[in-house]
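*Asks:* Below is a structure I'd like to ask you about.
The values are calculated or read from the model by the stated rules, or taken from the named source; none is laboratory data. Remember, predicted model here, so these are calculated numbers, not experimental data. Glycine gets a Cβ as well: all are built from the backbone with ideal geometry, and neighbour counts include every protein chain shown. Accessible surface is based on the protein model in full, side chains and every heavy atom, while ligands, DNA and RNA are left aside. Shrake-Rupley method; radii C 1.70, N 1.55, O 1.52, S 1.80 Å.
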Amino acid sequence: MEKKTLKKIASISIAGSLLFAAGCTEKSVKEESLSPKAAEDKKEYSVKVTDYHFDTAANMFAYAEFELSGEPLLEGLGVDLDILDPKEVDQPSKFDYTAGIEAYEYSEEAMYEVTEKSGLGLHLINGPVVSEMAKEKGQENHEVLAERYYELADAVGYPREEIFSNMFPTLIEYSNGDPHYIMEVDTEEYASGDGDTYVPNYQVNFKSLRWDREKMDKVLNPAAYGGTFLKQTLWAGDFLGGFHTVDQDEELEGETPNDDKDENVALGVSSPDGMQGMFLVEGIWNKLNFIKQGLFYNGKELTSAGIGSQYDPAKGFVYLPHKIEVEEDGNDLMPNAKSMKLADSRSLLNDQWLMLWPAAEFYGMTDQRAENPNVAPSFRALLDGNPYPSAPKENIDKENQNDIESTDPYSVNKDVLLHVFKNIDAMHFNNDEGTFVTEHDGSKQGNYVDTFQAGYTIESLRIFQRAIDGLPVGYASGESADGLGTEEGQRAIELIKSQADFIIDELIMENGLAAKGYTIGEGEDSEESLQAQLGAIRGLTGAYLATKDEKYRDAARNIYVAMDEKLWNEDVKAYKTGKDEMKYDAYTAGGVAAVFRVAINNLSNNESDKEQPEALEIDTITSRYTEFFDSVIDGPSLEEGMQASEFWDTGDFYFNKGKLGNTDKDHVPQIQAGHGKYGISPVLLPVEIKK
């Protein structure tokens, strides 16, 4: 195999298919322990990992919030992203590096672990779209997927021969697993780099990065595959949100959907990013068809969903149940479902909003309605028949009753999206109380309101309203534009306002904090929780952005100040998560990152604010951001902290000389060196902080 320079490899965050397998060197570099930075600045507290159970939904949710609190946040603050460099630690400032390098790159790499490397799910080779293509062409699935990857590479001007090897592209992801690697990670040299650095084999050949299939919980859960869908669509929107020149790989914003008809213009903001975007969309497309064709439940059996615009919950619920157990077919290399069995028929609010959010993001990306002027030209070009099919004209006009069944990306996503939206309204919204309840058993609503879940339902509805009304989503979801004023969008605003009012009227305690929850007929909980503050702030800020009503911003600001005053521990540099305890899971970590972001962007002091609390000064918020990442995410030693491992994207380079394991001498080990015999994936682990 021809050697490539580090500069070239470092620009490629793309994985190929196991169809293009290459040999994997059996030898592995022997790791040697390093003296951690923690030895130099010993902390008076511990951040111990409490278990190694990987929660797919929580991790993917957290990393979505990390992503949005990374480069998009910095860019909005006017930071020149080109000056960020993983080798230049804490430059141009500690906050810039923490957000733009650590949070952002942790987010990207964790997505690839789940969707391309670990094997945590069913294999894309068995996807409905792949199978249909194979049937039409009279070929085997593996032949069709191989050809398909070549087509996608051609569409973005990516060399076919540089597609990486031994990828495990997931069709749909399981709910959890064990993130430890099951064999020695192949850290031998693949390519030489600048100075004394090199690129290890595992960066281009994923064979040594699998997880133990026996330790996977082979369950399909909407929050898990929905959370992964959220990561996939946010990054796909970033990677495919423009064009590039073929000869210079120079990014072009794009002027028309026909720009890529020029032989020197291709899809994607760059060739390698475009390729990764194509892999993400290919996975989403197959996943959505798989979901629509068999993961819905009608009260009697697992079934397919119908046309979303014509679905009426009053005639019988067709919804996504909480758990479906999968029996695999025994093929560990390319597993397919032999059978599926309903294990928990409840509709949980957490599952539904974690499907609504990504489906809304993807709707905004694939929207082909002529009256929507806010879709990037490159997205229109993506769905012009090459490489992805356009929607039938019946599905993109202003009429709903003429919609037809179609498997194209826009139509199938629209069907799933509208089923989920209508079910959140019909099954989880208590009209008498004006609030969302956490569960519905298929026959009746529950009576508990969880503040975190209710707040994030508001935010998901905000993204839905923007997408359905033709407003920018993705990284631009805070931008103003003229909307289409659809019936669904109007209903979403009604739900947002009602839930936000309920938070203000019923969930704020005397001490200024939000209650953990509320039992209908009994009242609010007295228990304090950090998650409640995060959900309330996120939801109220979302309501403010959706309605421009200042009362929601004021309420969010007040809760933020109370949270900072009553829960922040200055010694540990972290928030208490409950009464006299600090137990962080990925949901909590993601919520903290999100609240720092909305505090900076939307809640921080401005000249018109009568009150100017110190907690809402931008310098204070950015300081909290970096301190929290240092204490909780990275941790005080190599054995502590939520981020289990890292590699060159965040500065942990591989050197030909010296010891491997932690070359940047921070508190996060390289993937082959941390938490186990063969190392561990770069994902988030739950921790408990103790003094």
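Condition check ((1) part of a helix (DSSP H, G or I); (2) at pLDDT 95 or above; (3) under 15 Å from Phe66 (Cβ atoms)) across all residues:
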{"residue": "Thr588", "(1), (2), (3)": "yes, yes, yes"}
{"residue": "Gly591", "(1), (2), (3)": "yes, yes, yes"}
{"residue": "Val595", "(1), (2), (3)": "yes, yes, yes"}
{"residue": "Val598", "(1), (2), (3)": "yes, yes, yes"}
{"residue": "Asn602", "(1), (2), (3)": "yes, yes, no"}
{"residue": "Asn605", "(1), (2), (3)": "no, yes, no"}
{"residue": "Asp609", "(1), (2), (3)": "no, yes, no"}
{"residue": "Gln612", "(1), (2), (3)": "no, yes, no"}
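*Asks:* Report the residue count in the stretch 209-235 for those that are surrounded by 21 or more Cβ atoms within 10 Å (Cβ to Cβ) and either β-branched (Val, Ile, Thr) or in contact with a Cys (Cβ under 6 Å, 6 or more places away or on another chain) (or both).
*Replies:* Summing the residues that are surrounded by 21 or more Cβ atoms within 10 Å (Cβ to Cβ) and either β-branched (Val, Ile, Thr) or in contact with a Cys (Cβ under 6 Å, 6 or more places away or on another chain) (or both) in the stretch 209-235 gives 2.
*Asks:* Need the failing condition index for Thr663 against (1) at pLDDT below 95; (2) open to solvent by less than 10 Å² (accessible area, probe 1.4 Å), just the number.
*Replies:* (2)
*Asks:* Could you tell me whether the stretch 52-66 includes any residue that is at pLDDT 95 or above, open to solvent by 10 Å² or more (accessible area, probe 1.4 Å) and either closer than 27 Å to Met216 by Cα or part of a helix (DSSP H, G or I) (or both)?
*Replies:* Yes, because at least one residue in the stretch 52-66 is at pLDDT 95 or above, open to solvent by 10 Å² or more (accessible area, probe 1.4 Å) and either closer than 27 Å to Met216 by Cα or part of a helix (DSSP H, G or I) (or both).
*Asks:* Being farther than 19 Å from Ala593 by Cβ and either of a type outside the set (Asp, Glu) or in contact (Cβ under 8 Å) with a residue 40 or more places away in the chain (or both) is true for just one of Ala99, Ala146. Which residue is that?
*Replies:* Only one candidate qualifies: Ala146.
A quick yes/no check of all residues on (1) assigned to a helix (DSSP H, G or I); (2) at positive phi; (3) surrounded by 24 or more Cβ atoms within 10 Å (Cβ to Cβ); (4) among the aliphatic types (A, V, I, L, M):
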site	(1), (2), (3), (4)
Glu371	no, no, no, no
Asp384	no, no, no, no
Ser390	no, no, no, no
Glu394	yes, no, no, no
Glu399	no, no, no, no
Ser406	no, no, no, no
Val416	yes, no, yes, yes
His419	yes, no, yes, no
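*Asks:* Here's another thing I want to ask about it. Quick check on the stretch 379-398. Is at least one of its residues within 29 Å of Leu545 (Cβ to Cβ) and touching a strand residue (DSSP E or B) at 6+ places or on another chain (Cβ under 8 Å)?
*Replies:* Yes - at least one qualifying residue is present in the stretch 379-398.
*Asks:* Next question, about the same structure. Give me the residue from the stretch 166-203 that is aliphatic (A, V, I, L, M), within 22 Å of Leu122 (Cα to Cα) and in a loop (DSSP other than H, G, I, E, B) and, out of that set, least open to solvent (accessible area, probe 1.4 Å).
*Replies:* Residue satisfying both the conditions and the ranking: Met167.
*Asks:* Evaluate the stretch 646-667: report whether one residue or more is of a type in the set (Val, Ile, Thr), outside any helix (DSSP H, G or I) and touching a Pro at 6+ places or on another chain (Cβ under 9 Å).
*Replies:* no
*Asks:* Could I ask something else about it? Farther than 27 Å from Asn59 by Cα and over 26 Å from the mean Cα position of the chain (by Cα): does that describe Lys579?
*Replies:* no
*Asks:* Could I ask something else about it? Right, Asp238: within 30 Å of Pro377 (Cα to Cα) and open to solvent by 30 Å² or more (accessible area, probe 1.4 Å) or not?
*Replies:* yes
*Asks:* Within the stretch 575-584, is even one residue basic (Lys, Arg) and surrounded by 20 or more Cβ atoms within 10 Å (Cβ to Cβ)?
*Replies:* No, that holds for no residue.
*Asks:* Return yes when Ala343 is more than 19 Å from Leu122 (Cβ to Cβ) and either open to solvent by 30 Å² or more (accessible area, probe 1.4 Å) or charged (D, E, K, R) (or both) and no when it is not.
*Replies:* no
*Asks:* Shifting gears a bit: Residues Tyr104, Tyr112, Tyr158: which one is crowded, with 22+ Cβ neighbours inside 10 Å, assigned to a loop (DSSP other than H, G, I, E, B) and either at negative phi or of a type in the set (D, E, K, R) (or both)?
*Replies:* Testing whether each residue is crowded, with 22+ Cβ neighbours inside 10 Å, assigned to a loop (DSSP other than H, G, I, E, B) and either at negative phi or of a type in the set (D, E, K, R) (or both) leaves just Tyr158.
*Asks:* Could you grab me the full set of residues in the stretch 313-340 that are outside any strand (DSSP E or B), crowded, with 17+ Cβ neighbours inside 10 Å and either over 28 Å from the mean Cα position of the chain (by Cα) or not aliphatic (A, V, I, L, M) (or both)?
*Replies:* Within the stretch 313-340, Phe317, Pro321, His322, Pro335, Asn336 qualify.
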